[in-house]
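Report on the following structure.
The values are calculated or read from the model by the stated rules, or taken from the named source; none is laboratory data. Just so you know, these numbers come straight off a predicted model, no measurement behind them. Note that we place each Cβ from the backbone using ideal geometry, even for glycine, and neighbour counts take in every protein chain shown.
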Amino acid sequence: MTVNPEDYTETTALSQSLAQPLEMAIPAHLSGMRLDQALAELLPRYSRSRLQTWITDGAVTLDGQTTTPKCKVWGGEQVRVQPVAHPSETSAQAEAISLNIVYEDDTLLVINKPAGLVVHPGSGNWTGTLLNALLHHAPQLQAVPRAGIVHRLDKETSGLLVVAKTIEAQTDLVRQLQARTVKRHYLALVEGIVEQSGKVETPIGRHPTARTKMAVVSRGKPAVTHYSVLQRFARYTLIECRLETGRTHQIRVHMQSIGHPLVGDPTYGSRRTHAFKRQALHAARLGLIHPVTHAAMEWEAPLPEDMRALLAGMEQDNP
């Protein structure tokens with residue numbers, strides 16, 4: 001499709017973005033510019049960073065050849081641009097990924113998520129996620145925001161996660177989470193000897209300097225974690241954590257804040273090394289009120305094999 005850059009509006013950009021390629025000649029008045037600069041002038045509806053990505057990825061040709069963003073243009077060259085949407089701008093695709101389904105009816109789906117499975121598509125993980133798997137298992141979830149997912153588990157956290165199969169059920173479950181009536185119990189192995197059960201009630205927010213981490217910060221959102229001692233080992237303690245709130249990395253941050261980071265946690269763990277390859281955290285029990293029948297329901301998921309083996313090794317080391 002040959003484009004007159006002066007007529008290229010935002011509406012045109014949206015309607016043609018994934019259709020026919022855009023073809024144009026470099027005007028003489030742009031002579032001496034870098035290719036990415038020239039395209040930013042010709043196609044102002046696209047950001048320069050997006051255009052640079054397209055050039056680098058080979059979606060732009062100059063006189064039939066791929067090139068680099070820094071390539072100088074002198075006027076008269078033929079440019080061909082094939083707009084490509086970023087994965088975050090396209091609908092997630094259904095993928096045939098096996099799911100460990102604990103419970104399913106017309107309203108709810110409860111999954112026992114394995115460690116290593118990302119819940120939502122995001123930077124670096126646009127495919128192969130739980131959301132992709134859900135769309136394959138239940139295609140009607142395409143019509144439900146976030147494919148019905150109402151709460152998350154970290155990639156390396158295993159255990160129970162509930163999915164709503166209708167918008168109405170999703171709304172109801174979100175309200176239950178907000179009302180703190182959903183029961184979420186986790187098993188965690190932490191460093192050090194926890195002397196007694198207790199509660200951490202400190203706000204959590206974005207880390208002030210390490211923006212990919214969370215931290216206990218005065219201006220964070222309220223967060224409450226109850227913990228109970230289940231078993232003590234030589235240098236570690238198995239605890240059960242019950243969440244009142246659901247902040248990002250809540251258990252990991254709260255336990256670190258009281259001096260007992262999770263074993264194997266690469267982000268919030270101490271410098272003490274351990275052979276376990278992930279944070280030792282498992283969502284073991286989930287309870288809620290069914291959005292349609294209003295019956296109280298509860299599910300349990302046994303510890304995965306890696307955590308069972310970890311605890312078995314701890315027991316052998318006990319005096």
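Side notes on the structure shown:
- Here is the figure for the stretch 130-173: residues that are polar (S, T, N, Q) and more than 30 Å from LYS213 (Cβ to Cβ) total 4.
- Qualifying residue in the stretch 162-184 (condition: in contact with a Gly (Cβ under 7 Å, 6 or more places away or on another chain), under 25 Å from GLY269 (Cβ atoms) and free of Cβ contacts under 8 Å to residues at least 40 places away in the same chain): no
- Residues that are polar (S, T, N, Q) and modelled with pLDDT of 95 or more within the stretch 91-110 comprise SER98, ASN100, THR107, listed in sequence order.
- Residue that is under 24 Å from the mean Cα position of the chain (by Cα) and modelled with pLDDT of 95 or more, where the choices are HIS226, HIS249: HIS249
The rows are residues; the columns are (1) outside the structural domain of THR248 (by TED's automatic domain parsing); (2) hydrophobic (A, V, I, L, M, F, W, C); (3) surrounded by fewer than 16 Cβ atoms within 10 Å (Cβ to Cβ); (4) closer than 24 Å to ARG308 by Cβ.
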{"site": "VAL144", "(1), (2), (3), (4)": "no, yes, no, no"}
{"site": "HIS151", "(1), (2), (3), (4)": "no, no, no, no"}
{"site": "LEU160", "(1), (2), (3), (4)": "no, yes, no, yes"}
{"site": "ALA164", "(1), (2), (3), (4)": "no, yes, no, no"}
{"site": "GLN170", "(1), (2), (3), (4)": "no, no, no, no"}
{"site": "VAL200", "(1), (2), (3), (4)": "no, yes, no, no"}
{"site": "ILE204", "(1), (2), (3), (4)": "no, yes, no, no"}
{"site": "SER228", "(1), (2), (3), (4)": "no, no, yes, yes"}
{"site": "ARG232", "(1), (2), (3), (4)": "no, no, no, yes"}
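- The residues listed here are VAL60, VAL84; of these, the one that is under 28 Å from ASN125 (Cβ atoms), modelled with pLDDT of 95 or more and either aliphatic (A, V, I, L, M) or within 32 Å of the chain's Cα centre (by Cα) (or both) is VAL60.
- Matching residues in the stretch 172-192 - criterion: being crowded, with 21+ Cβ neighbours inside 10 Å and among the small types (Gly, Ala, Ser): ALA188
- Selection within the stretch 291-308: residues that are touching a residue at least 60 places away in the same chain (Cβ under 8 Å) and in contact with a helix residue (DSSP H, G or I) (Cβ under 9 Å, 6 or more places away or on another chain). The member of this set that is surrounded by the fewest Cβ atoms within 10 Å (Cβ to Cβ) is VAL292.
- Here ARG146 qualifies as under 23 Å from ARG180 (Cβ atoms), in a helix (DSSP H, G or I) and either within 18 Å of the chain's Cα centre (by Cα) or in contact (Cβ under 8 Å) with a residue 24 or more places away in the chain (or both).
- Unmet requirement for VAL224, which otherwise passes all of (1) of a type in the set (A, V, I, L, M, F, W, C); (2) under 16 Å from LEU189 (Cβ atoms); (3) touching a Leu at 6+ places or on another chain (Cβ under 8 Å): (2)
- Among residues of the stretch 243-270 that are assigned to a helix (DSSP H, G or I), those with a Cβ under 6 angstrom from a residue that is of a type in the set (D, E, K, R), sequence gap 6+ or separate chain, pair up as ARG252/ASP265.
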